[in-house]
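The values are calculated or read from the model by the stated rules, or taken from the named source; none is laboratory data. It should be emphasised that the depicted structure is a prediction, and the values quoted were computed from it without experimental measurement. Here the Cβ positions follow ideal geometry from the backbone for every residue, glycine too, while neighbour counts run over all protein chains shown. When the accessible area is computed, the model is the full protein with side chains, heavy atoms only, and any ligands, DNA or RNA have been set aside. Shrake-Rupley method; radii C 1.70, N 1.55, O 1.52, S 1.80 Å.
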Amino acid sequence: MADLGPLFWVRAVAALALGVVVCIWSPSYYVTVLAALALPVVTWRYSLATVVFFAITAREAPSGRGFDYVTMLGSQIYYQGKVPAISFLAASAVAVTLLRLYRRGGRLRPSRTAWWLLGCLGALALLAFVLGIVYGQSVVSAANQNSRNFAVAALGVVIGLLVMQFPEEIRAVKIAAVSGLGLLVIAAVYAVATGQAADDRVSRYFTYYDSALPAVATAVFGALLVGRARVTWPAGLAMGLSLALVLIGFRLTIWLATFVVLAFTVVLCREWTAIARRAAVSAVALVVCILVLPGMRSDITSRVLGASSAAPAGATAAPTQGATPRRSVPPTPSAAESAGTPATPTAGPRRSAPPKANTGDKGHNVAAESSQGHFEDIRVAWSYVRKNFWTGIGPQHPQLPGLASDKTTVLYVHNEWLQDWLRFGPGAVLLVTAFLLIAAVLAMRTLAGRRAPALHRAAAIFGLITPICLLAFPYFSESSQWPLLLGVAVGILAAGWNETDEESPRPRGRHAAGRGYRPAPPPPVVPAVPAVPGTEADTVVFPAVGGPGGDDDTVVLRAFGASGNRSPVDTGVLPAVPDARPDPA
């Protein structure tokens with residue numbers, strides 16, 4: 001630690017202070033933006049890993065819902081001001097890394113696949129911007145409200161491409177992801193102990209409202225589950241943390257996506273013996289946690305009996321009869337209390353009391369109502385699409401009658417493709433489908449290659465989970481966290497990997513070659529020096545030190561050279577040494 005030097009600690013303290021200003025507290029929005037722009041400059045070599053850390057750790061939970069502090073942890077980076085600070089943070093990190101790459105003498109050379117991905121996102125952003133202008137939005141409003149999320153996804157793709165240019169960033173991104181998940185597990189333990197929950201009707205353990213966190217946790221868990229290398233204790237700890245976050249997410253969409261994608265990944269990887277051992281250990285640990293934690297078994301049972309996850313961002317599930325409200329939302333006074341008559345004491349919040357026998361119906365009712373609203377959204381939205389098949393209804397159209405999210409003022413459909421179709425027309429649907437299809441093909445090729453590093457496996461699994469989640473939520477166009485994380489994952493996949501990035505020896509067999517695999521560059525070849533006939537056995541070749549051509553030159557010494565050859569002493573490469581032998585005369 002002493003070898004790090006004082007400058008390292010100064011920069012570490014400055015980065016910590018800037019991170020607090022960006023995510024936790026800031027006197028004004030402009031200070032937050034300045035801190036977001038300055039943070040990658042301070043972290044410098046790890047600017048991309050800094051973006052990944054905040055994208056995973058900061059919670060994109062909607063404000064104004066009565067959530068407690070842990071559920072809203074870091075949400076300032078998404079909700080303060082009109083343009084989220086995470087956008088400025090990502091743009092600054094890209095600029096800093098491009099400068100580092102230029103100073104190193106290199107430049108970013110995206111592959112043809114990467115250009116296709118960026119082209120889809122650029123066309124989406126342009127289409128959304130133009131349609132906003134056509135429908136009467138100002139230039140700033142059309143760019144911010146319609147095109148920004150697609151631009152953030154493009155920044156994520158560039159970040160993923162740049163990560164693979166720097167080995168220190170690859171290691172830092174892995175550390176950032178696992179440390180972010182660990183920090184959130186610790187915060188969740190504190191939230192459960194202090195009685196904070198996103199929705200008590202679901203579970204006392206339901207801490208984090210968004211779906212991106214369990215999706216990232218699933219990607220990390222799956223990448224380590226199908227790995228070819230031996231699972232060390234840090235990898236086992238990361239698997240445990242990831243599994244815990246998936247469990248307390250209580251999102252049936254994520255649970256379904258986890259099961260489907262992990263099963264598909266196991267089939268592609270074919271490392272069945274090692275995967276079976278790890279899966280057995282994980283299953284035993286999961287069952288023990290479910291049985292030991294008070295009320296967890298009944299909460300999961302009631303959740304699974306429903307058909308979908310809790311209400312999404314922008315939608316509020318209707319309270320069911322007998323449901324307990326969140327602790328952060330004050331209860332409505334009864335008629336007796338309004339008249340001054342003391343009310344009969346009722347039971348406190350469910351998390352502060354032992355679970356009751358009839359509380360299992362609450363999560364079931366919430367899940368069933370939410371699922372019914374999601375399926376109904378698809379039917380209602382498709383009826384509107386058929387009436388406006390070629391044009392849509394505009395990006396800022398008010399919410400349509402019959403859709404589940406009746407509290408929002410603008411259009412919100414629980415399906416990404418129908419949402420984009422109504423807002424931007426069928427062209428947006430084709431572009432979104434093309435982007436996700438390219439990402440899925442890259443992910444399947446990576447997993448089928450069977451020698452991808454852990455970072456690429458996690459990116460591939462996240463890329464396969466996202467389309468399943470978009471069937472129930474319009475995260476790609478209505479969120480800032482999902483587009484950024486998906487862009488980073490797809491950019492990493494498009495960049496491929498080298499032999500030096502691998503964590504295990506090269507496999508053999510017909511499945512050894514992965515499509516994203518790039519062999520390590522061969523060492524430089526030193527041209528051979530022609531030997532004098534008859535002296536090959538007496539030739540010694542060694543690097544020259546301080547020779548005429550520098551360190552790359554070689555000197556050929558011949559103990560018994562032919563007549564007429566100049567010796568190394570004559571060339572000045574070796575100093576002349578006096579001959580100590582006696583004169584034969």
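At a glance:
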quantity	calculated
Selection count, segment 19-48, where residues are open to solvent by less than 50 Å² (accessible area, probe 1.4 Å) and farther than 17 Å from residue 78 by Cβ	6
Only listed residue being buried (at least 16 other Cβ atoms within 10 Å of the Cβ) and modelled with pLDDT under 95, chosen from 67, 54, 129, 88	67
Where residue 278 falls short, out of the listed (1) open to solvent by 70 Å² or more (accessible area, probe 1.4 Å); (2) closer than 14 Å to residue 225 by Cα; (3) charged (D, E, K, R)	(1)
Extreme residue, modelled with the lowest pLDDT, among residues of segment 382-423 that are assigned to a loop (DSSP other than H, G, I, E, B) and open to solvent by less than 10 Å² (accessible area, probe 1.4 Å)	405
Contacts under 7 angstrom Cβ, first residue in segment 392-418 being closer than 17 Å to residue 482 by Cβ, partner assigned to a helix (DSSP H, G or I) and among the basic types (Lys, Arg), 6 or more apart	none
Subset of segment 177-224 (residues that are under 14 Å from the mean Cα position of the chain (by Cα) and open to solvent by less than 10 Å² (accessible area, probe 1.4 Å))	180, 181, 211, 212, 213, 214, 215, 217, 218, 219, 222, 223
Test result for residue 265, assigned to a helix (DSSP H, G or I) and in contact with a Gly (Cβ under 8 Å, 6 or more places away or on another chain)	yes
Residue 454 vs. criteria open to solvent by 10 Å² or more (accessible area, probe 1.4 Å) and more than 11 Å from the chain's Cα centre (by Cα)	yes
Some residue of segment 388-409 being of a type in the set (Asp, Glu) and more than 22 Å from residue 466 (Cα to Cα)	yes
Looking only at segment 471-489, and only at residues there that are among the aliphatic types (A, V, I, L, M) and over 16 Å from the mean Cα position of the chain (by Cα), the one that is least open to solvent (accessible area, probe 1.4 Å)	472
Of all residues making up segment 226-250, the number that are touching a helix residue (DSSP H, G or I) at 6+ places or on another chain (Cβ under 6 Å), open to solvent by 10 Å² or more (accessible area, probe 1.4 Å) and not β-branched (Val, Ile, Thr)	5
Selection count where residues are of a type outside the set (A, V, I, L, M, F, W, C) and exposed (fewer than 14 other Cβ atoms within 10 Å of the Cβ), scope segment 110-126	1
